[in-house]
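Undergrad: Quick one: structure below, then a few questions.
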Amino acid sequence: MKKMKMHSPNVTQENIARIAEIFPGCVTEARGEEGKLRLAVDFDQLRQELSESIVEGPQERYHLNWPGKREALLAANAPIARTLRPCREESVDFDTTKNLFIEGDNLEALKLLQETYLGKVKVIYIDPPYNTGNDFIYEDDFAENADEFLKRSNQVDEEGHRLVANTEANGRFHSDWLSMIYPRLKLARNLLRDDGVVFISIDDNEFQSLRQICSEVFGEQNFVATVIWQKVFAPKNSARWFSEDHDYVLIFAKNKLLWAPNLLPQTEEMIARYKNPDNDPRGAWQSDNLTARNKYDAGLYPVTCPSGRVIEGPPRGRYWALSQESFKKLDADNRIWWGEDGDNMPRLKRFLAEVKQGRTPQTIWFYKDVGHTQDAKKALLKYVPFENTENVLNSVKPVELLQRILQLSGRPGDGDIVLDFFSGSATTAHAVLKQNAEDGGNRRFIGIQVSEPLPTPEPGMESIFEMGLTRVRNVAAELRSPLAGLQGDLGFRVLKIDSSNMADVYYRPDAIEQGQLKIFTDNIRPDRTPEDLLFQVLLDWGVDLALPIRQETIQGKTVFFVNEPPYDLVACFDGGVNEDLVKELARFKPLRVVFRDTGFVSDAVKINVEQVFRQMSPRTEVRSL
């Protein structure tokens, strides 16, 4: 019976496997420091394979580099022995909701989500620290190899020590910020669907560097646009040089050929331009110029107005935009407007019903359309009962800005996953719920936020993560009220990053002496619940963490059923599992089943489990932990 590996993917080894598929002669075996053989790349051979295009040595080339870039790449690829533990008491509609809030370091969270949400996220929005000299950034430790990183991540709980101030006095001011954002973007790209898109808020401090990093991670050919968001409604008179009235929203697609923005709804102002002065049965229309500057030999001819006046041709230097034959056909179809008295220069009638039903998005977003910073703070204050105003975040974004992004990104009813791994005050989650309420959509959100304390503790709310939960609870309550009457998914499942559920002996058996083996007959940490184990299994198996979960008691044992029949997973972590229970579970014919490795009444039952499922449910994958 296969055992669960119980740690995040080893991205380095997976990348080597991909290279092996293309250049099998470039991958060999090498002995690591611990003496074990593993796959490795023969870079000399790989250079030979790419000799016509390789860029190496001191040769000048266009690229972005900084001290710590290699270490940042190592940090993105190194596996971690961490897990996500469910927190029912902080959740809303835990068993049925498809929304997730994850508390913890977003680098670790992105690693943990790699298998489960690989290629499944439609929209990513992040609002990272702007690196103004006053921001806090993640303190990632790169001074260790992958094995040391794995061991540390299994043993050390770093809560409260993940953020450090990045002041301009720091000699690595830009480098530290780049090293922070780079591995997170590389991992985030893996989660995007092929038709997915990422939106990133930033200001002038790191805009240029961020654009270059995104070009490296997503490919320069997948750059879509840079949006200028007017973030303030009045100039700052205290500004020393210029009042900074805008931020940027940088947009990259996973594959630009597969994603295009939706049209925005037509404004009332646009619709008001269409009239129907001649009571045309085809409805409202507006007139358009029938002449053009480009030379068109067939566009020089006289026309006769309904009044009888002859117009010898278009104005000097211009041409009719269509041939005389086409002009006559349009005129016969009452698609030429000659003015109310029938004596004006002809113009083309464009009917509202026939024009594109929407407007092409532009790269300047005005605050009157998508809100400004004061709107954002008012919304936060409305849904979070602060007692200390210093806790109101200065960098919070307006909900309308995020709604604009959701409107552009995908269709309402496609169940798109929206990810924000700098969740902060949960503006993205708020926008998902509100936009779903307005257009009947079924989008889902995943919000990730480190456990960063508030400047001043609030009653029942000590961290920014808890502030976000409070906000979304109150937003949901408003949408559930009789006045709004929304019946959609307004809950969220809270998961928290923690050390692995597996005891140290599971990962480092060589560290255990023979005399200690009796105390390690069970490889599960004693403080972990069956539901903790369930979520680590979901992660390890790549099963959606937001699927419905049902718990039953069968033959006196607790059994978890994930999703509806045919169940994605059936799990039993109790001890004393006998063959009768195994056969009972096999009758459900789940896609996957998992037991605790030490949970069987005898070795004979453990040996027979796979045989039972092979006979009764041959398509079920069986594992233990």
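The values are calculated or read from the model by the stated rules, or taken from the named source; none is laboratory data. Owing to the predicted nature of the structure, the values given are computational and were not obtained by experimental measurement. Every residue, glycine as well, gets a Cβ built from its backbone with ideal geometry; the counts of neighbours run over all protein chains shown.
Undergrad: Quick one: K496 ticks every box in (1) more than 23 Å from L113 (Cβ to Cβ); (2) assigned to a strand (DSSP E or B) except a single one, so which number is it?
TA: Of everything listed in (1) more than 23 Å from L113 (Cβ to Cβ); (2) assigned to a strand (DSSP E or B), K496 misses just condition (1).
Undergrad: Here is a follow-up. Given the range 210-312, what strands (runs of 3 or more DSSP E) lie entirely inside it while holding 2 or more residues that are modelled with pLDDT of 95 or more?
TA: Values: elements: 223-230, 246-253, 285-288.
The qualifying strands (runs of 3 or more DSSP E) are 223-230, 246-253.
Undergrad: Next question. Quick one: how many residues across the range 533-550 are among the acidic types (D, E) and surrounded by 20 or more Cβ atoms within 10 Å (Cβ to Cβ)?
TA: Within the range 533-550, residues that are among the acidic types (D, E) and surrounded by 20 or more Cβ atoms within 10 Å (Cβ to Cβ) number 1.
Undergrad: Just to verify a result, which residue in the range 155-177, among those that are surrounded by fewer than 23 Cβ atoms within 10 Å (Cβ to Cβ) and not in a loop (DSSP other than H, G, I, E, B), is modelled with the lowest pLDDT?
TA: In this case the residue turns out to be Q155.
Undergrad: In the list Q403, Q407, Q435, which residue meets the criterion of being in contact with a helix residue (DSSP H, G or I) (Cβ under 8 Å, 6 or more places away or on another chain), without any contact (Cβ under 8 Å) to a residue 40 or more places away in the chain, in the same structural domain as K236 (by TED's automatic domain parsing) and closer than 21 Å to V224 by Cα? Outline the logic, then answer.
TA: Values: Q407 fails: without any contact (Cβ under 8 Å) to a residue 40 or more places away in the chain; Q435 fails: closer than 21 Å to V224 by Cα.
Only one candidate passes the filter, namely Q403.
Undergrad: OK, next. Assuming S287 fulfils every condition listed in (1) closer than 30 Å to R359 by Cβ; (2) surrounded by 11 or more Cβ atoms within 10 Å (Cβ to Cβ); (3) free of Cβ contacts under 8 Å to residues at least 60 places away in the same chain; (4) outside the structural domain of C214 (by TED's automatic domain parsing) apart from one, which condition is it?
TA: (3)
Undergrad: So is Y274 surrounded by 13 or more Cβ atoms within 10 Å (Cβ to Cβ), within 43 Å of the chain's Cα centre (by Cα), under 30 Å from R404 (Cβ atoms) and in the same structural domain as K328 (by TED's automatic domain parsing) or not? Spell out the reasoning first.
TA: Values: surrounded by 13 or more Cβ atoms within 10 Å (Cβ to Cβ): yes; within 43 Å of the chain's Cα centre (by Cα): yes; under 30 Å from R404 (Cβ atoms): yes; in the same structural domain as K328 (by TED's automatic domain parsing): yes.
Answer is yes for this residue.
Undergrad: Looking at the range 103-137, which of its residues are under 25 Å from the mean Cα position of the chain (by Cα), modelled with pLDDT under 85 and surrounded by fewer than 22 Cβ atoms within 10 Å (Cβ to Cβ)?
TA: First pass over the range 103-137, keeping only residues under 25 Å from the mean Cα position of the chain (by Cα): 103-132, 135-137.
Next cut, modelled with pLDDT under 85 only: 130-132, 135-137.
Listed by number, the residues that qualify are Y130, T132, D135, F136, I137.
Undergrad: Would you call P86 surrounded by 15 or more Cβ atoms within 10 Å (Cβ to Cβ) and either at pLDDT 65 or above or among the hydrophobic types (A, V, I, L, M, F, W, C) (or both)?
TA: Taking the combined requirement at face value, the residue satisfies it.
Undergrad: On to the next question. Please go through the range 313-339 and pick out each residue that is closer than 15 Å to A298 by Cβ and part of a strand (DSSP E or B).
TA: Y319, W320
Yes/no matrix, rows are residues, columns are (1) loosely packed, with under 14 Cβ neighbours inside 10 Å; (2) touching a residue at least 24 places away in the same chain (Cβ under 8 Å); (3) not assigned by TED's automatic domain parsing to the domain that holds K275:
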{"position": "C305", "(1), (2), (3)": "no, yes, no"}
{"position": "I311", "(1), (2), (3)": "no, yes, no"}
{"position": "W320", "(1), (2), (3)": "no, yes, no"}
{"position": "S326", "(1), (2), (3)": "yes, no, no"}
{"position": "K329", "(1), (2), (3)": "yes, no, no"}
{"position": "A332", "(1), (2), (3)": "yes, no, no"}
{"position": "G342", "(1), (2), (3)": "yes, yes, no"}
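Undergrad: Additional query: Tally the residues that are among the charged types (D, E, K, R) and within 30 Å of V121 (Cβ to Cβ), restricting the search to the range 227-277. Quick ask: steps written out before the conclusion?
TA: Taking the range 227-277 as the starting set, the residues that turn out to be among the charged types (D, E, K, R) are 231, 236, 240, 244-245, 247, 254, 256, 268-269, 273, 275.
Then keep just the ones that are within 30 Å of V121 (Cβ to Cβ); that gives 231, 247, 254, 256.
Residues flagged as among the charged types (D, E, K, R) and within 30 Å of V121 (Cβ to Cβ) within the range 227-277 amount to 4.
Undergrad: Kindly indicate whether G485 is among the small types (G, A, S) and within 26 Å of L539 (Cα to Cα).
TA: Answer is no for this residue.
Undergrad: Surrounded by 14 or more Cβ atoms within 10 Å (Cβ to Cβ), in contact with a helix residue (DSSP H, G or I) (Cβ under 7 Å, 6 or more places away or on another chain), at pLDDT below 90 and among the polar types (S, T, N, Q) - does that describe any residue in the range 185-206?
TA: No, every residue in the range 185-206 fails to be surrounded by 14 or more Cβ atoms within 10 Å (Cβ to Cβ), in contact with a helix residue (DSSP H, G or I) (Cβ under 7 Å, 6 or more places away or on another chain), at pLDDT below 90 and among the polar types (S, T, N, Q).
Undergrad: Before we move on, is D140 over 22 Å from G424 (Cβ atoms), surrounded by 13 or more Cβ atoms within 10 Å (Cβ to Cβ), among the acidic types (D, E) and modelled with pLDDT under 85?
TA: no
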